[in-house]
Each structure stands twice: as structure tokens, then as C-alpha cells.
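**Student:** Here you go, one structure.
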Amino acid sequence: MNPIATPLNIERCWNFIGIQGDRSCPQLAIYTHCRNCPVYSTAGRHLLERSIPEDYRQEWTELLAKSRADEDSQISHALPTTQMTVVIFRLQREWLALSAQIFKEISPPSVIHTLPHRSNQILRGLVSIRGELLLCISLSHLLNLEVADTAIQTLSPVVYSRMVVLEKAGKTWVFAVDELYGIHRFHRDELQDAPKSLTQTYTKGLFHWQPDGKQIERSHSVSYLDDELLFTTLARKVL
């Protein structure tokens, strides 16, 4: 009898006389390993071409539906305490934060090249970041921040500005910050309603932040900015 056509042999031979068994199969001398044998290949075809049980689709439909429902339930319960990751920086007197996901790069201050008949208080011009010319804006003017005329409490005795590169949905913007803290994480439920202020339009909420290891009398109140509204407004006012 041809062993290839025998379902019983197809199901069991490699487990008993093949590579997983006592290795007494004479075909091993020819094929070295069961996976090279046509009997093993035929078993694979039988497995893939076999008829599915009548309730197979129904069982998997119910299983996947239950898994999706459980996942949605877990996400729903996790939302109130979802951790948020932001980058904190200072403009004038204001401590601000934006989602860390839109930060592409932090670089030293660069020369700003004004654009003829285009540059204004919001659009400052072009800057070269790693050889790429990008639009540079003044976030302070967009947010209508007051210019500080008195001493400002800083995190370090040595404070210098940085250029921040943001990218979202294919749009890239660069602006200068007066001081940069870095990445900070907090829970979504820590956000508080923002009081009426000049930056309220672009603020999703406020959170309190105490810099790690810094001897500061009180925590800072940080405005968490709405990056979606920010990019939309820049596109409307600048481009």
C-alpha cells in the first residue's frame, strides 16, 4: 500500500518511526528529516484542505467579539488614569507643555532668515535645521504672552534658549523657548480647568508640576496646550 495515501500513516508515522519517534523509518536515509518527506507534505495538504466543522465560524465569531468587548472595557476603565507624556518649557513667565509625540527635535538657537513681505510677529522666517529650511514662528506672539520686565524664577542659574521642532500630520514648525525642562509624565485626571487668561484659547487644562530635585518653594502651574488647535491656527495664519 502506498504510505502517502494512507491517512493513518500520514497522521502518525513521524511521531512513531520518524524524527520524533524511534527513527526506524527507512525513508530517513533518503530524506534525512521528516519535513523533507512527501508523506509529511501530504499531511500538510490534508490539514489545510480539510473541511471545517459546521460551528467553526460561529465559535470564532463569538470568541473575537468577546475579545473585542473585553479590550474595549479595559480601555474604558483605563481612560480616567491614562498617563500622559509631555515636554515642559517656558516662554516669558509662562510654563507650558505640549504632547511629547509631536516633538521632533531640540536644537541650539539658529539664525533666522526673514522672508520678504511675509515675515511678521508670528512668522519670523526660515531656520536651517540639519540642512533643512523650516518655518520659524513666535509662539509667544501667537499666545499673546506679556513680555517679562522683572526677574523670573528659573530652574537653573544657567539658562539659555533652544529651538524646538514640532511635527504633526506632515506639518513642521520651529519656535524658540526661553527655558526647557524636558519630558514629564502625569495622569489625565490631574488636568484642571484653566482660568481665564490670555492663553486660555489654546489651553486644554492646567496641571501642577514640581521639578525633580529642585529646591523650589512651590510647584509650578503648567498650561497644557492643544496641539491640534495650535497647528490649525498656524496653518490658517501663516501658510
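The values are calculated or read from the model by the stated rules, or taken from the named source; none is laboratory data. Everything quoted here is computed from the prediction, not taken from an experiment. Cβ placement follows ideal geometry from the backbone for every residue including glycine, while neighbour counts extend to all protein chains displayed.
**Student:** Which one of the conditions (1) touching a helix residue (DSSP H, G or I) at 6+ places or on another chain (Cβ under 9 Å); (2) modelled with pLDDT under 90 does residue 215 fail to meet, given that it meets all the rest?
**Tutor:** With (1) touching a helix residue (DSSP H, G or I) at 6+ places or on another chain (Cβ under 9 Å); (2) modelled with pLDDT under 90 applied to residue 215, the lone miss is (1).
**Student:** Same structure, new question: Have a look at 238, 177 and point out the one that is surrounded by 12 or more Cβ atoms within 10 Å (Cβ to Cβ) and modelled with pLDDT of 90 or more. If you could, list the steps in order and put the result at the bottom.
**Tutor:** Working: 238 fails: modelled with pLDDT of 90 or more.
Answer to the check: 177.
**Student:** Looking only at the stretch 37-54, count every residue that is part of a loop (DSSP other than H, G, I, E, B) and surrounded by 10 or more Cβ atoms within 10 Å (Cβ to Cβ) and tell me the total. Steps first, answer last, please.
**Tutor:** First, the residues of the stretch 37-54 that are part of a loop (DSSP other than H, G, I, E, B): 37, 50-54.
Adding the requirement that they be surrounded by 10 or more Cβ atoms within 10 Å (Cβ to Cβ) leaves 37.
Matching residues across the stretch 37-54 total 1.
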